[in-house]
Amino acid sequence: MQIEITYRVSWRRSANSHLCNNNDIISGQLLPGEGSLDCFQGCTGTMTSLNYHCTDFSESEDWTTGTKTFLYNLPTSQDIVFG
């Protein structure tokens with residue numbers, strides 16, 4: 001069975017070097033993130049890297065937000081745990 005997973009990430013712009021701007025939002029380019037979404041039970045390993053499409057940012061309020069949607073093939077019909 002295949003499922004669609006969407007995640008949203010947000011952080012302070014001043015906390016790291018992952019910044020985006022209006023050009024990134026317009027282009028829809030997939031930007032590099034940090035880490036991965038991993039399966040802990042019912043499947044194994046990395047499901048996807050935490051890259052993202054920039055959706056919002058505020059330089060004055062010091063935040064950036066992005067999302068990504070991907071398809072994942074469930075290996076079994078049992079419950080899975082990921083994070």
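Taking segment 39-55 on its own, how many of its residues are at pLDDT 90 or above and surrounded by 14 or more Cβ atoms within 10 Å (Cβ to Cβ)?
Going through segment 39-55 one residue at a time, the tally reaches 9.
Regarding residue 61, is this residue loosely packed, with under 10 Cβ neighbours inside 10 Å, in contact (Cβ under 8 Å) with a residue 24 or more places away in the chain and not aliphatic (A, V, I, L, M)?
No: the conditions fail for residue 61.
Among the residues of segment 59-73, which ones are in contact with a strand residue (DSSP E or B) (Cβ under 8 Å, 6 or more places away or on another chain) and not basic (Lys, Arg)?
Passing the criteria: 63, 64, 65, 66, 67, 69, 70, 71, 72, 73.
Which residues, taken from segment 17-38, are more than 15 Å from residue 59 (Cβ to Cβ) and either exposed (fewer than 12 other Cβ atoms within 10 Å of the Cβ) or hydroxyl-bearing (Ser, Thr, Tyr) (or both)?
26, 27, 28, 32, 35, 36
Would you be able to tell me the number of residues in segment 33-83 that are of a type in the set (A, V, I, L, M) and in a strand (DSSP E or B)?
Of the residues in segment 33-83, 4 are of a type in the set (A, V, I, L, M) and in a strand (DSSP E or B).
Of all residues in segment 1-16, how many are of a type outside the set (Lys, Arg), surrounded by fewer than 13 Cβ atoms within 10 Å (Cβ to Cβ) and within 12 Å of the chain's Cα centre (by Cα)?
1
Considering only segment 34-83, state which residues are of a type in the set (A, V, I, L, M) and within 18 Å of residue 8 (Cβ to Cβ). It would help to see each step written out before you state the result.
First, pick out the residues of segment 34-83 that are of a type in the set (A, V, I, L, M): 37, 47, 50, 71, 74, 80-81.
Result: 37, 47, 50, 71.
The values are calculated or read from the model by the stated rules, or taken from the named source; none is laboratory data. All values derive from a computational prediction rather than experimental measurement. Cβ atoms come from the backbone with ideal geometry, glycine included; neighbour counts cover every protein chain shown.
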